[in-house]
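Worksheet: one structure, shown below.
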Amino acid sequence: MVARGGGFYAYVRPEPATPSQVLDISYGKNGSANTVFKGNKVLGHRSGGGGAGPISAWGGGAYIYINQTNARFTGTKFTGNEAESRDGEGGGGAIAIDLYTGGTANGKLTVTDAIFIDNKAIGTTAAYGGAIYARADTGSGHTLTGNTYTTNSATASGALGEAYGGAITFMSGSHTLDGETFDSNVASGSTAHG
């Protein structure tokens with residue numbers, strides 16, 4: 001069972017008439033960050049103790065599934081968003097993205113000049129990427145340029161919980177980071193990485 005997208009959820013795939021479709025979340029007309037994701041939360045948990053198996057939570061601010069197309073965030077601000085699972089994995093406090101390219105490397109995430117402050121990924125078994133969790137097919141990837149990450153955290157609370165990337169977790173694919181600033185981000189668990 002999965003909970004996705006506290007503030008925003010998108011499934012983006014090309015249509016035959018628009019094969020180069022792009023999801024674009026960018027600056028306002030005056031150059032200010034008019035797209036702000038603040039205080040959003042996605043929570044995965046069992047109510048009443050029922051159900052079987054873990055429940056995961058992805059993308060406190062936004063969850064995006066990209067299928068052979070592109071997503072772009074420019075000048076966006078993410079503050080105080082949370083992806084929390086009380087019974088499994090939590091990932092991408094601000095953004096969680098799954099990129100599927102169907103065997104072709106023609107889809108990608110681009111994040112430029114964005115600000116990530118106090119976003120949290122929390123899970124009992126694992127926590128991935130306090131600000132960004134990004135998964136991609138082999139041969140595809142993401143490009144992050146000029147972004148700032150401050151006091152984001154990935155916290156795994158279970159006895160054997162693993163935490164990955166206080167700011168960012170990449171899973172598979174090839175990724176490019178250029179001019180990124182990381183300040184006081186934390187990964188915390190019985191085993192912590194990054």
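The values are calculated or read from the model by the stated rules, or taken from the named source; none is laboratory data. Just so we're clear, the structure is a prediction, and the values are computed from it rather than from any experiment. Note: ideal-geometry Cβ built from the backbone for every residue, glycine included; neighbour counts use all protein chains shown. Just so you know, the surface numbers come from the protein's heavy atoms only, side chains and all, with ligands and any DNA or RNA stripped out. Shrake-Rupley method; radii C 1.70, N 1.55, O 1.52, S 1.80 Å.
Every condition in (1) under 18 Å from Y65 (Cα atoms); (2) open to solvent by 70 Å² or more (accessible area, probe 1.4 Å) holds for T169 except the one numbered (2). Confirm whether G6 is open to solvent by 20 Å² or more (accessible area, probe 1.4 Å), modelled with pLDDT of 85 or more and in a loop (DSSP other than H, G, I, E, B). Here the answer is yes, as G6 does meet what is asked. Within the range 172-189, the residues that satisfy the criterion of being surrounded by 16 or more Cβ atoms within 10 Å (Cβ to Cβ) and among the hydrophobic types (A, V, I, L, M, F, W, C) are F182, V186, A187. Considering the range 60-101, the qualifying strands (runs of 3 or more DSSP E), each wholly inside and each with 2 or more residues that are more than 15 Å from T169 (Cβ to Cβ) and modelled with pLDDT of 85 or more, run over 62-67, 70-74, 77-79, 82-85.
Got at least one residue in the range 144-157 being under 19 Å from G59 (Cα atoms) and at pLDDT below 90? Yes: the range 144-157 contains one or more residues that are under 19 Å from G59 (Cα atoms) and at pLDDT below 90.
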